[in-house]
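Student: Dumping the structure here so I can ask a few things about it.
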């Protein structure tokens, strides 16, 4: 089983002045939502076109965001800290998370309130056989054995549906495969952290450990 965790940013530029599609959900009308998302992008001031991970969605793989768009995203995220409006502790991680991909198929996507710091959730799951905390909501119910993790997406849909729906109701993943996926995605995250630190310097933001603020967490 080839397991991958694909790191994505969720860049939602919703704008009340842009007419939203009349149909939904987005995964059934991807062209309409792609047009809408790009129109919102322009209104929000992002210069470059987004390369969306999936048409209609607002997910962008961390490797696919341009420097210009990443600069704006970071400035928007830290402006409250720089202005003194709120403290570092009140700051947030970059929204997004991790697409669970198995054998080349996307099984599940980041859900509401998930962010890049969700890597800690996956690390605890793979290395310590515990969920730690839910990476957004809804979240699958997990059952651990010595060598495997059972993801029960159906049981996790109590009062709230996954969007988009998971590919399977349940799936079993070997811990060794999950650990390999975590190790691989961490390499991507370290490279992304270097890009963020480069922007921190070039824009003279002077935020200490900005990668922890936006990706890993300070703990």
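Each value in this text was obtained by applying a stated rule to the coordinates, not by laboratory testing. No experiment lies behind these values; they were computed from the predicted model shown. No Cβ is skipped: glycine too gets one built from the backbone with ideal geometry, and neighbour counts run over all protein chains shown.
Student: Inspect all residues belonging to segment 43-58 and state whether any of them is touching a residue at least 40 places away in the same chain (Cβ under 8 Å), buried (at least 18 other Cβ atoms within 10 Å of the Cβ), closer than 26 Å to residue 212 by Cβ and under 19 Å from the mean Cα position of the chain (by Cα).
Tutor: Yes: segment 43-58 contains one or more residues that are touching a residue at least 40 places away in the same chain (Cβ under 8 Å), buried (at least 18 other Cβ atoms within 10 Å of the Cβ), closer than 26 Å to residue 212 by Cβ and under 19 Å from the mean Cα position of the chain (by Cα).
Student: For segment 1-25, give me the residue count where each residue is in a loop (DSSP other than H, G, I, E, B), touching a helix residue (DSSP H, G or I) at 6+ places or on another chain (Cβ under 9 Å) and surrounded by fewer than 20 Cβ atoms within 10 Å (Cβ to Cβ).
Tutor: Within segment 1-25, the subset in a loop (DSSP other than H, G, I, E, B) is 1-2, 11-25.
Still in the running and touching a helix residue (DSSP H, G or I) at 6+ places or on another chain (Cβ under 9 Å): 1-2, 11-15, 17-25.
Next cut, surrounded by fewer than 20 Cβ atoms within 10 Å (Cβ to Cβ) only: 1-2, 12-15, 17-25.
Residues meeting the conditions: 15.
Student: Related question: Hey, any hits in segment 86-97 for a residue that's part of a helix (DSSP H, G or I), surrounded by fewer than 18 Cβ atoms within 10 Å (Cβ to Cβ), in contact (Cβ under 8 Å) with a residue 40 or more places away in the chain and in contact with a helix residue (DSSP H, G or I) (Cβ under 8 Å, 6 or more places away or on another chain)?
Tutor: yes
Student: Cβ-Cβ below 6 Å, separation at least six or inter-chain, first residue in segment 1-23 and within 16 Å of residue 114 (Cα to Cα), second assigned to a loop (DSSP other than H, G, I, E, B): which pairs?
Tutor: 8/53; 9/94; 10/58; 11/58; 12/58
Student: Test residue 101 against the criterion of being part of a strand (DSSP E or B), surrounded by 14 or more Cβ atoms within 10 Å (Cβ to Cβ), in contact (Cβ under 8 Å) with a residue 60 or more places away in the chain and touching a helix residue (DSSP H, G or I) at 6+ places or on another chain (Cβ under 9 Å), and give yes or no.
Tutor: yes
Student: Let me ask you something else. Where residues in segment 106-128 are touching a residue at least 60 places away in the same chain (Cβ under 8 Å) and within 18 Å of residue 150 (Cβ to Cβ), which of them is farthest from the chain's Cα centre (by Cα)?
Tutor: Among residues in segment 106-128 that are touching a residue at least 60 places away in the same chain (Cβ under 8 Å) and within 18 Å of residue 150 (Cβ to Cβ), the one farthest from the chain's Cα centre (by Cα) is 107.
Student: Mind checking which residues of segment 206-219 are part of a loop (DSSP other than H, G, I, E, B) and surrounded by fewer than 18 Cβ atoms within 10 Å (Cβ to Cβ)?
Tutor: Step one: list which residues in segment 206-219 are part of a loop (DSSP other than H, G, I, E, B), which gives 206-209, 217-219.
Residues satisfying the conditions are 206, 208, 209, 217, 218, 219.
Student: Restricting attention to segment 26-50, report how many residues are in a loop (DSSP other than H, G, I, E, B) and closer than 19 Å to residue 164 by Cβ. Working first, answer last.
Tutor: Step one: list which residues in segment 26-50 are in a loop (DSSP other than H, G, I, E, B), which gives 26-29, 45-50.
Then keep just the ones that are closer than 19 Å to residue 164 by Cβ; that gives 26-29, 50.
Of the residues in that region, 5 qualify.
Student: Among the residues of segment 59-77, are any touching a strand residue (DSSP E or B) at 6+ places or on another chain (Cβ under 7 Å), within 22 Å of residue 29 (Cβ to Cβ) and part of a loop (DSSP other than H, G, I, E, B)?
Tutor: No, that holds for no residue.
Student: Could you list, in sequence order, the residues of segment 161-196 that are more than 19 Å from the chain's Cα centre (by Cα), more than 18 Å from residue 121 (Cα to Cα) and free of Cβ contacts under 8 Å to residues at least 40 places away in the same chain?
Tutor: Answer for segment 161-196, where residues must be more than 19 Å from the chain's Cα centre (by Cα), more than 18 Å from residue 121 (Cα to Cα) and free of Cβ contacts under 8 Å to residues at least 40 places away in the same chain: 169, 170.
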